[in-house]
Amino acid sequence: MSQRSNPGAKQPHIFSHEKAEWLDEAEREAWLPTPTLVALLDMRPGLRALDFGAGTGRYAQAFAERYRDAVVDAYDVQAEFRAIVEQRARAAHLENLRPVERIEGKFDRIFAANVLHEIGDADLITMHDALAPEGFALIVDWNASIDRPTGPPREHAHTPQEALGRLGAAGFTRIKKIEEPQLPYHFVLRALR
């Protein structure tokens, strides 16, 4: 997927499933800790969540384990990643975690970690349209305005201001930047429909 075919994306190509093991490396917990993300998503029993660009399903699994009576859909365009999510769900006996190829219905929570720089404007509109009226989207992405020892090159990431503009253009409202010291290389945005 190139920028030309995916208007709005800053990174020329999506993260390949061939590098899947990197998404689950233990060192990532130091700068993108799962418990912090679970707390920020503020799930509750009975809610429906979408992990948009779920990759290996690392975070979707954490949400599903914490809230077993919630439904967590793990959406990814790469079939190889969806297969990994399916394996994780089976191994952890998580009937509430479902890898999905298509987004259907409305979601109380939408979570997108490290994908904003890869997805186009059409994807953001799809995300917006999938959000339930009382729900929110939580966008966590690489911060282009700071020096980082990891992640995509600065020119392939967004500043928080750029991200705010893209979300607003896609129809999101009441977009709030959340300061989270546990995420030193990322910005966090919470957006409503």
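Comparing mean-square fluctuations of 47, 37, 164 from a GNM of the chain with C-alpha springs under 10 Å, the top value falls on 47.
Counting only GluC sites (Glu not before Pro) that DSSP places in a loop and that have at most 12 other Cβ atoms within 10 Å, the longest clean stretch of the chain runs over 105-178. Share of antiparallel DSSP beta bridges in the chain, in percent to the nearest 5? Here the antiparallel bridges make up roughly 35 percent for the chain.
Neighbour counts of other Cβ atoms within 10 Å put 116, 131 in the fewest-to-most order 131, 116.
Note on the range 21-101: semi-axes of the ellipsoid equivalent to its C-alpha gyration tensor, largest first and rounded to whole Å, are 17, 17, 11. Using C-alpha pairs below 8 Å separated by at least 6 residues, the relative contact order for the chain is 21 percent.
Rounded to the nearest 500, the helix-only mean residue ellipticity at 222 nm of the chain stands at -8000 deg cm²/dmol, with each DSSP H run of n ≥ 4 adding -39,500 (n - 2.57).
Mean projected area of the convex hull spanned by the Cα atoms of the chain, taken over all viewing directions: 9.8 nm². Helices that extend 15 Å or more along their long axis by alpha-carbon positions and average at least -0.5 on the Kyte-Doolittle scale are, among the DSSP H runs of the chain, 79-91.
The distance from the alpha carbon centre of the range 109-155 to that of the range 44-66 is 15 Å, rounded to a whole number.
FYI, it's all coordinate maths here, none of it is from the lab. Quick caveat: nothing in here was measured; it's all calculated off a predicted structure. Neighbour counts are summed over all protein chains in view; Cβ atoms, including those assigned to glycine, are modelled from backbone coordinates with ideal geometry.
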